[in-house]
Amino acid sequence: MARYTGSSCKLCRREREKLFLKGTKCHSPSCPLEKRNYPPGEHGLNRRAKHSEYGIQLREKQKVKRIYGLLENQFRNYFEKANRQKGVTGENLIALLERRLDNVVFRLGFAPSRKAARQLVLHRHVLVNGRIVNIPSFLLSPGDEISIKEKSKKLDAIHNTLRRTKDNLYSWLSLDKANLSGSFMQIPQREDVPLNANEQLIIELYSK
């Protein structure tokens, strides 16, 4: 499975915004963006921001793509699927990304980042409706139950993250901390998703 293996912190610096790719490190003073809030590279400090229409659209697409940990072909496929659905394409796109299993595992608080959530899924620690699902891109449907496999419930990484997670933080999810389980109750509305992005710019970019 293709995936990005470079530095996550460089991605945040390139977008000059915290994308919260490293879990607890992003909330600590050791976050590189706190010290070097400029693009990486030899000329990053003196690099002028691009203000062209295309440049703005591209940066928005790159930001959202990196937040959800996707490569270009994967992200493009989600756009095409969202474009075929009824409704507003941008809202459909965000809803599809939020339905990914690795994203929901992260949102429920079982992992400190989407990257860590992807590892939990790949290593067969996660159940959907009582069955192991090891596909991070698996799209959940309303009513699906997500839980941690019984043999994996002692993992410190899961409990450490849950201790910092508030109960029922998202309206479309329910969380049962005691049983390390949760439910995907409904497809989220765009206004409920805490994502600092203008998806319309992405649609304009892909529609050219």
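Table for the structure above
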| item | result |
| --- | --- |
| Near pairs, Cβ below 8 angstrom, 6+ apart or cross-chain, from the stretch 62-75 (over 19 Å from Ala111 (Cβ atoms)) to any residue that is in a helix (DSSP H, G or I) and aromatic (Phe, Trp, Tyr) | Val64/Phe75; Lys65/Phe75 |
| Residue among Leu101, Leu97, Leu127 that is more than 16 Å from the chain's Cα centre (by Cα) and modelled with pLDDT of 95 or more | Leu127 |
| Qualifying residue in the stretch 162-170 (condition: closer than 30 Å to Glu80 by Cβ, surrounded by 12 or more Cβ atoms within 10 Å (Cβ to Cβ) and touching a residue at least 24 places away in the same chain (Cβ under 8 Å)) | yes |
| Of the criteria (1) in contact with a Lys or Arg (Cβ under 7 Å, 6 or more places away or on another chain); (2) crowded, with 17+ Cβ neighbours inside 10 Å, which one Ile132 fails | (2) |
| Lys166 vs. criteria assigned by TED's automatic domain parsing to the domain that holds Lys61, under 24 Å from Val193 (Cα atoms) and outside any helix (DSSP H, G or I) | no |
| Hits in the stretch 197-208 (condition: in a loop (DSSP other than H, G, I, E, B) and either more than 15 Å from the chain's Cα centre (by Cα) or more than 20 Å from Arg66 (Cα to Cα) (or both)) | Asn198, Ser207, Lys208 |
| Condition check for Pro194: in a loop (DSSP other than H, G, I, E, B), within 25 Å of Asn77 (Cα to Cα) and either of a type in the set (Val, Ile, Thr) or within 19 Å of the chain's Cα centre (by Cα) (or both) | yes |
| Selected residue (criterion: surrounded by the fewest Cβ atoms within 10 Å (Cβ to Cβ)) from residues of the stretch 137-161 that are assigned to a loop (DSSP other than H, G, I, E, B) and free of Cβ contacts under 8 Å to residues at least 40 places away in the same chain | Lys154 |
| Hits in the stretch 39-94 - residues which are in a loop (DSSP other than H, G, I, E, B), at pLDDT 90 or above and surrounded by fewer than 15 Cβ atoms within 10 Å (Cβ to Cβ) | Leu71, Gln85, Lys86, Gly87 |
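The values are calculated or read from the model by the stated rules, or taken from the named source; none is laboratory data. This one's a predicted model, so the numbers in the text were calculated from it and none came from an experiment. Heads up, the Cβs are rebuilt from the backbone with ideal geometry, glycines too, and the neighbour counts pull from every protein chain shown.
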